[in-house]
Amino acid sequence: MGETEDFSNSHVLEKPDARQNTQREMSAEIQAISAGYGKSVNAGGAVLTQPRLDYPPYRSSILRHPTKSLHHADPETIELFSPAFGHQDVNPLESDLTIVHAGEPQGERIVVAGKVLDGDGRPVAGQLVEIWQANAAGRYIHKRDQHPAPIDPNFTGVGRCITGADGSYSFTTIKPGAYPWKNHLNAWRPAHIHFSLFGSEFTQRIVTQMYFPGDQLFPLDPIYQSIVDQHARDRLVATYNHELTSPEWALGYNWDIVLTGSKRTWTENEALGVEGDDHE
Amino acid sequence: MSKHIPTPGQTVGPFFGYALPFGKDNELLAPGSAGSIRLHGTVTDGAGEPVPDAVLEIWQPAADGSIVAETGSLVRDGYTFTGWGRTSTGNTGKYTFTTVNPGATTPGSAPFIAVVVFARGLMNRLFTRVYLPEDAEALTNDPLLSSLPANRRATLLAERDLDGGLRWDVRMQGEDETVFLEFDGGATVSPDAR
């Protein structure tokens, strides 16, 4: 916690910076990188499954990506295990982001549910999932977010849960809005929910973002496009699922998450999946 | 080879500050308690400027080298060592954990703390390690360290403070860039796998 929230400057937007690129220029950069990748794959080059760390269209990445190759290491001892989380850590109510305050939040109520699996398709049971997001108007409860869209007094936008024995998770929340940022002129992020995931091994730790199907901002967004492979990008997009939709209550989206493969030799009990510290 | 292709990572972004931090997130032990040490340093970017919006997580064995499987990191009771902690850098790029010196998990191995780094502007998490500086023989024999040139190897070694703490900096880019690790053989698959 710690940070004192102060929204007194919420209507002060910096003036456009003349040195900033337009969306047209940004899109040309994105398309050039994409075309280069397409050529490389057609020539038999590697298919990338993760974002490029070196992706200049996302300006903040320029000084924040390693310029040396990642060093291949065989995970050892501690890295082959994961921190343990359970119902001491997370209250079951934390998976419902719409009941945190006295009133109902504004916006479109949704359920986002799916499974966390490892690279071999095994469920990741009893592990921590954390999410955070903007409200329906595209505003984060964060003092540095100065987008002059309304704060919703009934929505914070933070949730947690512990996965079930089958790796399942489910959150009830509000569909987040798109929001503007200052990467370039007229830059807008597609609506997304941040996800933080743990596996059964430390090497599987990942933070990512889930998107909504059919977003018109996808081709324009350098963060989404930093994953240069279309098939890989598609893995971040949830699927609308009417079976998950509740009548007169909430629309349902399904999104499964696959972590990297397991490196440890599994014992029989572990392979069966144990649900954290609590077997309800 | 994995049967399923992993979901891509994405940047943690700028607005995690109300979501990821929690009370005592960086206190694996209560500060000042018996055996506790401070692990601290600065995260800097390719221009040498501090990175004020990074998140570091550590995961380590106990002082006796055992790997614990205790829940309760998010709601610490003040007594249970869970081996895991999280912290965010402040305005000056500095971070601090209160923890213990990790023990060797197998006899004669070099003790280290596993670290994962997230930041605004960083597209995907970075894994690394911070080794205790003392056991020269174990460090020489360490499989990872011995595979690195001397100048790069140094980026994974903590310095011991006079008060017993550990000082270890993260340099995200540049000549003295920290060694970051890839466990999965690279973020690629063969063209027919997709």
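Could you compute how much accessible surface A:Met26 exposes when probed at 1.4 Å, giving the result in Å² to the nearest 10?
Roll a 1.4 Å probe over it and A:Met26 shows about 0 Å².
Most mobile of B:Phe112, B:Phe81, B:Phe183 per a Gaussian network model of chain B (Cα springs, under 10 Å)?
Highest fluctuation among the options: B:Phe183.
Shape verdict for region B:1-49, please, from the Cα gyration tensor: rounded (a/c under 1.5), prolate (a/b greater than b/c) or oblate. Intermediate results must be reported in sequence, preceding the final value.
Values: a/c = 1.99, a/b = 1.54, b/c = 1.29.
In terms of gyration-tensor shape, prolate.
If you place +1 on the Cβ of every Lys and Arg and -1 on the Cβ of every Asp and Glu, how big does the dipole about the Cα centre of the protein assembly as shown come out, in debye to the nearest 20? All intermediate terms of the calculation are to be shown ahead of the outcome.
Details: 38 positive and 59 negative charges, 296 e Å.
It works out to roughly 1420 debye.
Does chain A come out rounded, prolate or oblate by the C-alpha gyration tensor, with a ≥ b ≥ c the root eigenvalues, rounded set by a/c under 1.5 and, if not, prolate when a/b is larger than b/c and oblate if not?
Values: a/c = 1.73, a/b = 1.11, b/c = 1.56.
Oblate is the answer for chain A, as a/c is 1.5 or above yet b/c matches or exceeds a/b.
Once amide H atoms are built 1.01 Å from N in the peptide plane, which residues 5 or more positions from B:Glu70, or in another chain, come under 5 Å H to H?
A:Ala84
In region B:57-194, what percentage of the DSSP-assigned beta bridges are antiparallel, given to the nearest 5?
Percent antiparallel among DSSP bridges in region B:57-194 is about 95.
Positive end of the charge dipole of the protein assembly as shown (Lys, Arg +1 and Asp, Glu -1 on Cβ, about the Cα centre): tell me which of B:Asn141, A:Leu251, B:Gly174 has its Cα farthest that way.
Going by the Cα projections, it comes out as B:Gly174.
If you average the alpha carbon positions of region B:7-55 and of region A:99-141, how far apart do those two centres end up, in angstrom?
If you average the Cα positions of each part, the centres end up 23 Å apart.
May I ask you to rank A:Arg19, A:Arg160, A:Arg144 by accessible area, largest first, using a 1.4 Å probe over the protein chains only?
Working: A:Arg19 195, A:Arg160 35, A:Arg144 120 Å².
Ranked from most to least accessible, the order is A:Arg19, A:Arg144, A:Arg160.
How big, in percent, is the set of alpha carbon pairs in region B:36-188 lying more than 21 Å apart?
Summing the P(r) of region B:36-188 above 21 Å gives 46 percent of all pairs.
With every protein chain kept in the model, how would you rank A:Asp215, A:Asp54 by accessible area, 1.4 Å probe, largest at the top? Mind showing how you got there, number by number?
Details: A:Asp215 35, A:Asp54 85 Å².
Sorted by accessible area, descending: A:Asp54, A:Asp215.
Cβ under 12 Å from B:Glu134's Cβ, B:Glu134 left aside: what net charge do those residues give with Lys, Arg +1 and Asp, Glu -1?
On the way: positive: B:Arg160; negative: B:Asp135, B:Glu137, B:Glu159.
Summing Lys and Arg as +1 and Asp and Glu as -1 gives -2.
Can you tell me the relative contact order of chain B? Whole percent, Cα pairs under 8 Å, sequence separation 6 or more.
Values: 384 pairs, mean separation 49.3, N = 194.
Worked out over chain B, it gives 25 percent.
Could you order B:Arg38, A:Arg205, A:Arg122 by accessible surface area, starting with the largest, using a probe radius of 1.4 Å?
Numbers: B:Arg38 110, A:Arg205 5, A:Arg122 55 Å².
Ranked from most to least accessible, the order is B:Arg38, A:Arg122, A:Arg205.
Picking from A:Pro213, A:Pro148, A:Pro75, which is most flexible by a Gaussian network model of chain A using Cα springs under 10 Å?
Checking each option, the largest mean-square fluctuation is seen for A:Pro75.
Can you give me the long-range amide H partners of A:His71? Hydrogens built in the peptide plane at 1.01 Å from N, cutoff under 5 Å, separation of 5 or more residues or another chain.
The answer is B:Phe180, B:Leu181, B:Glu182.
Could you tell me whether region A:123-196 comes out rounded, prolate or oblate from its Cα gyration tensor? Rule is a ≥ b ≥ c as square roots of the eigenvalues, rounded for a/c under 1.5, then prolate if a/b exceeds b/c, otherwise oblate. Mind dumping the intermediate values first?
Details: a/c = 2.98, a/b = 2.08, b/c = 1.43.
Prolate is the answer for region A:123-196, as a/c is 1.5 or above and a/b outweighs b/c.
Given Cβ point charges of +1 (Lys, Arg) and -1 (Asp, Glu) and nothing else, what value in debye, to the nearest 20, does the dipole of region B:36-188 about its Cα centre take? Walk me through the numbers before you get to the answer.
Values: 12 positive and 20 negative charges, 56 e Å.
Around 260 debye, computed over region B:36-188.
For chain B, with all protein chains present and a 1.4 Å probe, just round the carbon and sulfur fraction of the accessible area to a whole percent. Intermediate values should be presented prior to the final figure.
On the way: 3770 of 7390 Å².
That fraction is 51 percent.
What residue among B:Gly41, B:Gly90, B:Gly72 has the largest mean-square fluctuation in a Gaussian network model of chain B, using Cα springs under 10 Å?
Comparing B:Gly41, B:Gly90, B:Gly72 in a Gaussian network model of chain B, the most mobile one is B:Gly72.
How large, in Å, is the protein assembly as shown by the Kirkwood hydrodynamic radius built from its alpha-carbon pairs? Provide the component values of the computation, followed by the final result.
Details: mean 1/r = 0.0435 Å⁻¹.
Across the protein assembly as shown, the inverse of the average 1/r is 23.0 Å.
D for region A:50-155, whole µm²/s, Stokes-Einstein with Kirkwood Rh over alpha-carbon pairs at 4 °C and 1.567 mPa s: what number?
For these conditions, the coefficient is 70 µm²/s.
For a quick check: with amide H placed at 1.01 Å from N, whose amide H comes under 5 Å from A:Val237's, ignoring anything fewer than 5 positions away on the same chain?
Result for A:Val237 returns A:Tyr211.
The values are calculated or read from the model by the stated rules, or taken from the named source; none is laboratory data. What you see is a predicted model; the values in this text were computed from it and never measured. All Cβ positions, glycine included, derive from the backbone under ideal geometry; neighbour counts span all protein chains shown. Please note that ligands, DNA and RNA were not included when accessible areas were found on the heavy atoms of the full protein model with its side chains. Shrake-Rupley method; radii C 1.70, N 1.55, O 1.52, S 1.80 Å.
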